[in-house]
Amino acid sequence: MERVETDRELVARCQGGDETAFTALVTRHQHRALNVAYQLLRNHEDAVEVAQDAFVSIYRNIGRFRGECEFTTWLHRIVVNLARNKQRWWQRRGRPAAVSLDDPNQPQFAAVAEWPDAQAAQAEFVGRLHDEMGRLPAKFREVLVLRNVEELSYDEIAVALRCSVGTVKSRIARAREELRRRLQ
Amino acid sequence: MNCRTCQRELSAYHDGEVSGARRAEIEAHVAGCAACRQRLAALQQIAAGVRALPRLQPAPQFVADVRRKLRGEQRRPWFDTWCRPVWLKVPLEAVAVVLVLGAVLVLVHPPRRSPPDGRGSGRAVVKSHEGPPRAECRKENAFSDKLAGAANQPAKYSLEGGKQLPAEMPVAAAAPVARPAPADLGDQQPEETITVVDADAAAVRQQVTQVAVANGGRVLPQAPVTPNFQVEVPRPNVLAFKSQLRQVTTRQQQMAGRLRRADTTNAVREADLKVAGGSGAAAVALDKAESGTAVLEIQVVPPKDQ
């Protein structure tokens, strides 16, 4: 059975000029980068662009990655920064930073009517949650996505967002409380 | 532990970020508090809902698109190379272009340097006041310096003469400046100053008086009597007064054979014509206010070579 290379090994090969290692990294983490970007931007095209730009940035700066954090943490930091830039870019042009509920490319919820009551209620709740997430301030959305979608620890989130663990803890609590209040 | 403290820690507790004694405290409180249990359940529901949010599936060509972008980065078009980001590169490039053009202009047309004897300032003043530089004017450094220092003073016309009376009255035209309406006294602010370079101030005064009277004007009384005096001339006759003054002096100049160079006379005439033709600011001002009288100051300066 072939052993799966770790991210650190792939990064080391990539730093040595191995193009296939970079392709392996992109293939492995494209789903992660795309979904974080989508949850932050709520726009399919923007999310794809940001995710691809993140890997381009990684390729250009791979020589500077010293392994002081996980590769995924570094990837998350780049995606979050690019998403913030994209939000600011849209804000300067008058478009809301998030919430693109009419996006035809957004993931579709299953046909709720065909589900059992409990599942239908859960699907409806997730749908409302999806909408309300889009209305949250970006800093709240970032911590919630990294915590509950990417399941990073508070320490990892702090590294990715370049803030303290206390700030992460506070933001997550306030974000959840805000969602709870809106979904009541 | 009270409810407020507990609820503040519930989120971190739910994420497993609280450990040890603190965790035990929270568990004990939640076990006995229905409100905090309800709050914890809400948090769990929200966390589960976020985890259940729909996920995007990357397109099959995602990796290929990244590769394509990388190749595009390595072969960026010239526009991207030179103009992106626009907000930074375009202003910098504009400044660089201006600096380069300025340097080229300085190299192609180097600025004229003043001669080491310090006469450059006088020449510059004469040139800047539309009058062609004259040999006499260049020699009269003191007069030129006076012009340079009197940029806001009334216009000065240099009438240079020899030992004879106003035989030579060439004009080193300075920019004429219109002044307020004159009064009847000889110490009023003159509208223009005409400088006559001559040793005999009394003779100059007599000659000027004749021309002024011929044009309906007069020499204003002045005490104490100085080499300078003021002439009051009806505005419509100011140009005629100056023109006749020039003609008289030019004729006498030719008769006396005191022309230093042929082109000197031409230069004088050109400068005079400019004044008489109304091309200067004073002429324009006079055209606008043709009524009343104008006060002209005659300044008699002894020649330097005397």
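The values are calculated or read from the model by the stated rules, or taken from the named source; none is laboratory data. As the structure is a computational prediction, the values presented were derived from the model and not from experiment. We place every Cβ from the backbone using ideal geometry, glycine too, and count neighbours over all the protein chains shown. When the accessible area is computed, the model is the full protein with side chains, heavy atoms only, and any ligands, DNA or RNA have been set aside. Shrake-Rupley method; radii C 1.70, N 1.55, O 1.52, S 1.80 Å.
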Practice task
Go through segment A:31-59 and count every residue that is buried (at least 22 other Cβ atoms within 10 Å of the Cβ), of a type outside the set (A, V, I, L, M) and closer than 14 Å to A:HIS76 by Cβ.
Solution key: 4
Handout entry: Qualifying residues in segment A:17-28 (those that are surrounded by fewer than 22 Cβ atoms within 10 Å (Cβ to Cβ), of a type outside the set (A, V, I, L, M) and modelled with pLDDT of 90 or more) - the one farthest from A:ILE78 (Cα to Cα)
Key = A:THR20
Problem - Top-ranked residue in segment A:60-82 [being over 23 Å from A:ASN148 (Cα atoms) and open to solvent by 30 Å² or more (accessible area, probe 1.4 Å); ranked as nearest to the other protein chains (Cβ to nearest Cβ)] - result: A:ARG60
Fill in the blank from the handout: Requiring at least 2 residues that are touching a residue at least 40 places away in the same chain (Cβ under 8 Å) and closer than 20 Å to A:GLU70 by Cβ, the helices (runs of 4 or more DSSP H) wholly within segment A:124-184 are A:154-161
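Residues checked against (1) more than 15 Å from A:ALA37 (Cα to Cα); (2) more than 9 Å from every other protein chain (Cβ to nearest Cβ); (3) buried (at least 20 other Cβ atoms within 10 Å of the Cβ):
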position	(1), (2), (3)
A:GLU124	yes, yes, no
A:LEU129	yes, no, yes
A:GLU132	yes, yes, no
A:ARG141	no, yes, yes
A:LEU146	no, yes, yes
A:TYR154	yes, no, yes
A:ALA160	no, yes, yes
A:CYS163	yes, yes, no
A:GLY166	yes, yes, no
Exercise for the section: Just give me the residues in segment A:168-184 being surrounded by fewer than 16 Cβ atoms within 10 Å (Cβ to Cβ) and more than 9 Å from chain B (Cβ to nearest Cβ), in sequence order. Expected result: A:ARG181, A:ARG182
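So which of B:ALA12, B:ALA48, B:ALA64 ends up being modelled with pLDDT of 90 or more, within 30 Å of A:SER170 (Cβ to Cβ), aliphatic (A, V, I, L, M) and in a helix (DSSP H, G or I)?
Numbers: B:ALA48 fails: modelled with pLDDT of 90 or more; B:ALA64 fails: within 30 Å of A:SER170 (Cβ to Cβ).
After applying the criteria, what remains is B:ALA12.
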